1. First measure r as the distance between the Cβ atoms of Asp511 and Thr389, then evaluate 1/(1 + (r/R0)^6) with R0 = 30 Å and state the FRET efficiency to the nearest 0.05.
2. Note the full-extension length gain between Thr443 and Ala182 as 0.36 nm times their separation in residues minus their Cα-Cα distance, in nm to one decimal.
3. Taking every pair of alpha-carbon atoms in segment 159-260, what share in percent sits in each 10 Å bin, from 0 to the bin with the longest distance?
4. State the Kirkwood hydrodynamic radius of segment 357-448 in Å, one decimal place, computed from all pairs of distinct Cα atoms.
5. Whole Å is fine, so just give me how far the alpha carbon centre of segment 489-567 lies from that of segment 203-278.
6. Give, in nm to one decimal, the length gained when the segment between Ala540 and Glu557 is fully stretched (0.36 nm per residue of separation minus the Cα-Cα distance).
7. Calculate, for Thr302 and Ala173, the FRET efficiency according to 1/(1 + (r/R0)^6) with r their C-beta to C-beta distance and R0 45 Å; round to the nearest 0.05.
8. Normalised by the residues of segment 357-448, what does the relative contact order come to in percent, with Cα pairs under 8 Å and at least six apart?
Amino acid sequence: MSQGTMTKLRGPLVIFAGVVLAVVGFTTPASATVLWPNEDNMLGANPYRYSYIFDPGSGAITQEQFASPQLTDFYTGHGFDKNFMYWAPIVAIDPPNEIWNGCDDNGGGLCPEANIHSGVQTVAAEVASGQVHVKLWNGAFIGDACGNWNHSGAGPVPTISGTKYEDLNGDGAREAGEPGLAGWQIDLVYDGTVVATTTTGTDGGYRFALDADRLPIRAGTYAVAEHSQPGWVQSHAPDAVPIGYGVADKNFAGRDFGNYRPATVEGRKFDDHGADGSGTGDPGIADWTITLSNGASATTRTDGNYGFGGLRPGTYTVQEQARDGWRQTAPGTGTRTVTVTSGQVVDGADFGNVCLGVISVTAPDGVATRVDEVTVPGILTNDPPVPRTASGTATIANLLPGTYRVTLTLPDGVFTTDPDLTSINGSFAIVKTVTVPECGAATITPVFVTSQPGKITGGVRILVPGGFATAGFEFMQRTDGPRGTLEFNDHASGIRLHTSDITGISVSGTDAYIFGHATVGDAVYSFRLHLVDAGEPGSADRFELILANGYTAGFAETLDGGNVQIH
């Protein structure tokens, strides 16, 4: 049904649903100056609340619907103390012979007493029982108006109400535990104009009475609007609501406003020297990018701190931007999940990283390098894992700070004077223990030599475990290669060498190194002989022999007899 029209809206806005009469000849009653106590033209009465319903015509509504208990209960239960009927006999019934006596006062009698002739435009009568009826003429509806009114002018007033609350989780809906906010100004807006203002109570509630006696309002579109306050963000506002005639004292409740205070997530980016993830005593790292799952990013300050402000309450994922040469130690999951509520500041979203180091090796081609862990403190393991291998000059990168053992296995033809030469599995190898610092490098540069001109001769006696050993030798570097002979006899262990397989000679001042192969039992091993000519009488000369099978003689020993001559 479409909404009817009220001749004059005075008094507090009592808005009752109406339906439009589509009966030929009906005319809406004009405003009147005679008040209802005279029972004439009550629709124009100034001090009373009223509403009326126009019969929509035959077929649109039934008599039973108008007289239903629901309709009766509605009118009699909403502040009215009188009911009325108003009708307009249709002029074209059958003038001047027909008379309409269709008024029903619920007692079967006529109202008013006089018969109503078809030429009478309007008649009004009070129905005391509270029932509302329609009129019939020969089985069809006659245009009439039925309604209710109140002598005192204190009938029902519709209201708009709601609550201003702190939206703790920022979801735009009020939930248990979310408190009301007092002292917020709320405006009532009627058809785009502010017509009233109120302030929320201690519980955050507010209420507007749609009182047409006091406000310039009538049926139309109503909205409520809050006045913003610094430091708050609106998460929910109610929609406008159309309010027409016929709503009586209905409360348009639930017009709630939700607001939250922006939240903050803070943390620190630290250089985890101990790689333990704790950050205790570790310095901050500046200029590192931290990202938030809402798309925001922040750069750490000089002290490593960062922060995300102005956040809507909710759950966020915080993560750092990966950087080459660093490994993350905290958090272990890689990211942090943080839930913030209205106005909350969550600190401690920290990220720890340790700077990786390298081992740099300088060696000829063919030298095989292997890196093993000795001690790597902290909660991480190397990735890629250790041991790692390389060949020749190489850099082994992305190593956690710690202590490592580096083994350089030498092929035949590669000669070294390095003091850390040892034998491993029948081959010579240089073994170094190095410390890899954070963001730093451990550098290994063994001394590798090539054959150089020189001549060495001599004979010696040296002490060995359990007895002594004797040796005689003659070596010379010629243009066509090294030449020479070594005779060695360990009288205690029984090891005897007799070889002329000399592969390299390196002479530098009073030091000489001789490289070659010797047979021990059924196997051939590489050897290196270090000779020192300390001058006469020869007691300070040195003879240091090492075989690739692990045998050594003369190390940390002076000669027991004989001497070394480097020419």
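The numbers here are math on the coordinates, done by the rules we state, and not lab data. Keep in mind that this is a model prediction, so the values were computed, not measured. FYI the Cβ positions are ideal-geometry reconstructions off the backbone, even for glycines, and counts take in every protein chain you see.
1. 0.40
2. Extra length from Thr443 to Ala182 when fully extended: 86.9 nm.
3. 16, 49, 27, 8, 0
4. Evaluated on segment 357-448, it is 13.3 Å.
5. That distance is 94 Å.
6. 5.2 nm
7. For Thr302 and Ala173, the calculated efficiency is 0.60.
8. In percent, rounded to a whole number, it is 38.
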